[in-house]
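Presented below is the structure to which this report refers.
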Amino acid sequence: MKPWHVIIYCVAALLGFSIVTVYSTDMTTSGSCGSGYQSIKHIVWIGISSLLLMVMSKIDYHYLQKLSIPLLVVSFILLVLVLVPGIGTVTNGARRWIRLNRVLGIQPSEFAKLAMLIFIASYLAKNQGRMSQFIFGFVIPMGVAVVISALVLKEPDFGTAVFIAILSLILLMIGGTGMIYVIFAAMAVTPCIHKMLFDVPFRKIRLLVFLDPWKDPSGAGYQIIQSWIALGSGGLTGLGLGSSRQKLFFLPESNSDFIFTIIGEEFGFLGASLVIGLFLLLVWHGLKIVHAAKDVFGFFLGLGITVMFGLQAILNIAVVSGVLPTKGIPLPFVSSGGSSLLFSMIGVGILVNIARQSSLPETINVPAEKVELSENKLSSISPLKV
């Protein structure tokens, strides 16, 4: 079985978990089972995203290299526009959405993730010989990542901003940038990160409560405690589809950022392990596609997309299980949310296209002069006499 076939099957299975779990959580706000607004919207987004996956799997990914700068510029413009009152929509105290209506909207930070990956992959492909240099190998690409991350941070969305910076840094390190630059940069930004964490009250509270949620069980520690209760209630095989108790207005964001918790409660340890196994399979076969890529751009683009899926899944599961402080990071293909699903599916389409391009036989271009020469030589050879 080809690696991209396995990836499609993994994504389909994750979408299956997503549909039934979003439907289950939607029953708490829906007047009748299956008629909830959130479930219908989620299925519509899955349909749109699946169509874009098929389109991107057919379009040669090399076109993205030519569009890397325009895509980055568009993402920059969208990140600026979302900060403008009247254009960006405020939800839970953050201005992260540009909405056309109740159903259609875009989260620019999700687009920025993919745009940055394409830019970094293109930059690495064009500057392989200069990646050991400080300016070309670190300052320019990382400077672009910092600008994009800073705009995301203004929404504010600290988690996504750090995610974009880390993802860019991983690609640059694999691409050959000097480790000494990374070490000194990390030392330089440490005071800034400390200031952003401890000088902003709600981030400081989240960090302190992470160490001991029971100090504020009805306040800042409430969500992670409810998540633990849900995961613990699931046991080995779960309470059964639709039988989650924590979704009954106890656990906030149960259909989006904390959907893995509901999976653990309703499908148990076995169901949660299956979801983790699907992500491991997806990443493993994504790396197989990356290994078989025939050009530098395809290698780094595929690697970036694969690492993005794996890292985002790790962070989401770590947050809902209390290993990391609470932060809104969606679980790819599973959490409800149009933008996250849309750009994740586009990423899968690109990965499939890289695999298909890599499996095509290489064509050998023979110069015309050599062809004429070969024909002349053949004509000069007399037929063999028997």
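Cross-link partners for K2 among the lysines, with Cα-Cα distance under 16 Å and sequence neighbours closer than 8 places in the same chain left out: K288. For the stretch 237-299, the C-alpha radius of gyration sits at 1.60 times the compact-globule guess of 2.2 N^0.38 Å, with N the residue count. For the stretch 24-171, rounded, prolate or oblate, judged on the Cα gyration tensor with a ≥ b ≥ c (square roots of eigenvalues), a/c < 1.5 rounded, else prolate if a/b > b/c? Judged from the Cα gyration tensor, the stretch 24-171 comes out prolate (a/c at least 1.5, a/b above b/c). Amide H contacts for R96 (H built 1.01 Å from N in the peptide plane; partners 5 or more residues away or on another chain; cut-off under 5 Å): T89, T91. This structure gives Rg/Rh (Cα atoms, Kirkwood Rh), computed directly, and of (1) 1.07; (2) 1.02; (3) 0.99 that value is listed as (1). Highest GNM mean-square fluctuation among I170, I329, I106, for the chain modelled with Cα contacts below 10 Å: I170. For G105, the residues whose amide H sits under 5 Å from its own are L100, ignoring neighbours fewer than 5 places away on the same chain, with H placed 1.01 Å from N. Mean separation of Cα pairs under 8 Å and 6 or more residues apart, divided by the residue count, gives the chain a relative contact order of 25 percent.
Heavy-atom accessible surface of the stretch 231-339, averaged per residue, reaches 36 Å², computed with a 1.4 Å probe. Placing unit charges on the Cβ atoms only, positive for Lys and Arg and negative for Asp and Glu, gives the chain a dipole magnitude near 320 debye about its Cα centre. Rolled with a 1.4 Å probe across the full set of protein chains, the surface gives E110 an accessible area near 10 Å². Taking the charge dipole of the stretch 8-139 about its Cα centre, with +1 at Lys and Arg Cβ atoms and -1 at Asp and Glu Cβ atoms, the residue from I120, L100, W45 reaching farthest to the positive side is I120. Each 10 Å bin from zero up to the one holding the largest Cα-Cα distance in the stretch 41-102 carries the following percent of pairs: 18, 29, 40, 13, 0.
Counting only whole DSSP H helices of the chain, the ones at least 30 Å long by C-alpha along their axis and with mean Kyte-Doolittle hydropathy no lower than -1.0 are 3-26, 37-58, 259-292, 296-320, 338-359. Against the empirical curve 2.2 N^0.38 Å, the C-alpha radius of gyration of the stretch 205-284 lands at a ratio of 1.17. Placing +1 on the Cβ of every Lys and Arg and -1 on the Cβ of every Asp and Glu, with nothing else charged, gives the stretch 147-241 a dipole about its Cα centre of roughly 120 debye. Placing unit charges on each Cβ (+1 for Lys and Arg, -1 for Asp and Glu) gives the chain a dipole about its Cα centre, and among G338, F76, F250 the Cα reaching farthest toward its positive end belongs to F76. Rounded to the nearest 20, the size of the Cβ-charge dipole of the stretch 1-157 about its Cα centre is 260 debye, with Lys and Arg at +1 and Asp and Glu at -1.
Evaluated at q = 0.20, 0.24, 0.33 Å⁻¹, the base-10 log of the normalised Debye intensity for the stretch 208-255, with identical point scatterers placed on the Cα atoms, takes the values -0.67, -0.86, -1.20.
The values are calculated or read from the model by the stated rules, or taken from the named source; none is laboratory data. A quick note: this is a predicted structure, and the numbers were derived from the prediction, not measured. Because the Cβ atoms are built from the backbone with ideal geometry, glycine has one as well, and the counts that use them run over all protein chains shown. These area figures cover heavy atoms from the full protein model, side chains too; ligands, DNA and RNA do not enter into them. Shrake-Rupley method; radii C 1.70, N 1.55, O 1.52, S 1.80 Å.
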